[in-house]
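Read the structure below first, then the notes.
The values are calculated or read from the model by the stated rules, or taken from the named source; none is laboratory data. Only a predicted model underlies this, so the values are computations on that prediction, with no experimental measurement involved. When we count neighbours, we look across all protein chains shown, and the Cβ atoms used for this are built from the backbone with ideal geometry, even at glycine.
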Amino acid sequence: MSAVYLRLNAPRTAGLQRAPLLERLLARADASARESDWRAAAFKLIAPGDALPAIAPLAQYADLGRMDRASVFIATPVHYIAAMSSVRLPVDGLVELSQSEAQALAEEFNRLWDDAGVTLMAGRGGALYCAFDEPVRAETQDPQRAVGRDIGEFLPTGGDAARLRRMMSEIEMWLFEHSVNRMRAARGAAAVSGLWLWGGGATLKELPQPMGWTAGHDVLFGAFPARSHYPREAGSGVVVIEQTPGAEDWPEAESRWLRPTLADLGAGRIEEARLSAGERCFSLSAGWRRRFWRRTRPWWESFDDDT
């Protein structure tokens, strides 16, 4: 089945605005379903029959090239809030580092952990990767899933989880009064409480070659050549949209991605469009316009976890 998967990836913020076209589509969708792993569902559309590759090796290879290590994890900078009996990752808890900050952390980490069989690498745009000389196998979670929640249920599990958890705890202690955090505090920026290790797997010798197309910024789909505009040829694609529906820049996202997708759907050039946010995905076929009697509601209510 040819389909376009549109992922709304903007963080949930206060003061959300209505988005009439999106709300009509959600109201008239064929069906909705929960998706615990939206990337896996989207990847199936552009690479049918292929298993979803581990995210960290894919991102690291696209960023830094082939690496002589056994396994690699994404090391996402996070800012925690500690309560009496829990530690939470707030809505703004995913921290963006400058390139110089990432490089400074990587250089000092590698001096301190020189003989531990682990290396921290700075990629482009402030990205960080944690590579191990030996295989490290654990089930990990995208930190985006932990936003606004107690982090306990999202920490690594599985065979080598204890090693990852220990490493994450040691990193928290190392960062507590790090010079990078002192400089961030001086300009009013959030401190980096820790590095969230996730998406790990064996390092790659080459990138997979999906059949479909991709667009937008994402740690997984950003590893493939990205389209800047909707392609003329029909076919399956994944679009990661960073604009918040209803925001000032939302009309640009609508005209660039949403309306061309609907045009292809109506013309039969694709069979399905999917609208995804959080852990819910809505599917639309060409007949969505005929359900004009369905009432709309604020778009964010459609994606609430309890709907």
By residue number, the members of segment 1-59 that are among the polar types (S, T, N, Q) and within 14 Å of residue 274 (Cα to Cα) are 2, 9, 32
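Say whether the condition of being within 22 Å of the chain's Cα centre (by Cα) and either surrounded by fewer than 19 Cβ atoms within 10 Å (Cβ to Cβ) or not β-branched (Val, Ile, Thr) (or both) is met by at least one residue in segment 284-294. Break it down stepwise before answering.
Kept after step one, since they are within 22 Å of the chain's Cα centre (by Cα), are these residues of segment 284-294: none.
Scanning segment 284-294 turns up no residue that is within 22 Å of the chain's Cα centre (by Cα) and either surrounded by fewer than 19 Cβ atoms within 10 Å (Cβ to Cβ) or not β-branched (Val, Ile, Thr) (or both).
Among the residues of segment 139-149, count how many are surrounded by fewer than 19 Cβ atoms within 10 Å (Cβ to Cβ) and in contact with a helix residue (DSSP H, G or I) (Cβ under 7 Å, 6 or more places away or on another chain).
So the first thing to find is which residues in segment 139-149 are surrounded by fewer than 19 Cβ atoms within 10 Å (Cβ to Cβ), and the list is 139, 141, 144-145, 148-149.
If we keep only those that are in contact with a helix residue (DSSP H, G or I) (Cβ under 7 Å, 6 or more places away or on another chain) as well, we get 141, 145.
Of the residues in that region, 2 qualify.
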Pairs returned, first residue in segment 90-102 that is at positive phi, second residue that is surrounded by fewer than 13 Cβ atoms within 10 Å (Cβ to Cβ) and assigned to a loop (DSSP other than H, G, I, E, B), beta-carbon separation under 8 angstrom, 6 or more apart or interchain, are none
Could you tell me which of the residues 152, 188 is of a type in the set (Gly, Ala, Ser), assigned to a helix (DSSP H, G or I) and surrounded by fewer than 16 Cβ atoms within 10 Å (Cβ to Cβ)? 152
Filter the helices (runs of 4 or more DSSP H) completely within segment 11-89 down to those with at least 2 residues that are in contact (Cβ under 8 Å) with a residue 60 or more places away in the chain and within 21 Å of the chain's Cα centre (by Cα). 38-46, 55-64
Condition (residue is among the polar types (S, T, N, Q) and touching a residue at least 24 places away in the same chain (Cβ under 8 Å)) applied to segment 270-282: is it met by at least one residue? yes
Tell me which residues, restricted to segment 244-257, are over 20 Å from the mean Cα position of the chain (by Cα) and either outside any loop (DSSP other than H, G, I, E, B) or at negative phi (or both). 247, 248, 249, 251, 252, 254, 255, 256
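I'd like to know if segment 117-125 contains one or more residues that are modelled with pLDDT of 95 or more and closer than 17 Å to residue 193 by Cβ. Reasoning before the result, please.
Step one: of segment 117-125, the residues modelled with pLDDT of 95 or more are 118-122.
When the remaining residues are screened for being closer than 17 Å to residue 193 by Cβ, the result is 120.
Scanning segment 117-125 turns up at least one residue that is modelled with pLDDT of 95 or more and closer than 17 Å to residue 193 by Cβ.
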Looking at (1) more than 20 Å from the chain's Cα centre (by Cα); (2) of a type in the set (Gly, Ala, Ser); (3) exposed (fewer than 14 other Cβ atoms within 10 Å of the Cβ), find the lone condition where residue 104 falls short. (3)
Looking at segment 123-138, is at least one residue more than 25 Å from residue 7 (Cα to Cα), surrounded by fewer than 14 Cβ atoms within 10 Å (Cβ to Cβ) and basic (Lys, Arg)? no
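Return the only residue of 114, 68 being surrounded by fewer than 20 Cβ atoms within 10 Å (Cβ to Cβ) and closer than 21 Å to residue 201 by Cβ.
Working: 114 fails: closer than 21 Å to residue 201 by Cβ.
Only one candidate qualifies: 68.
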Could you please find all residues in segment 109-141 being in contact (Cβ under 8 Å) with a residue 60 or more places away in the chain and acidic (Asp, Glu)? 133, 134
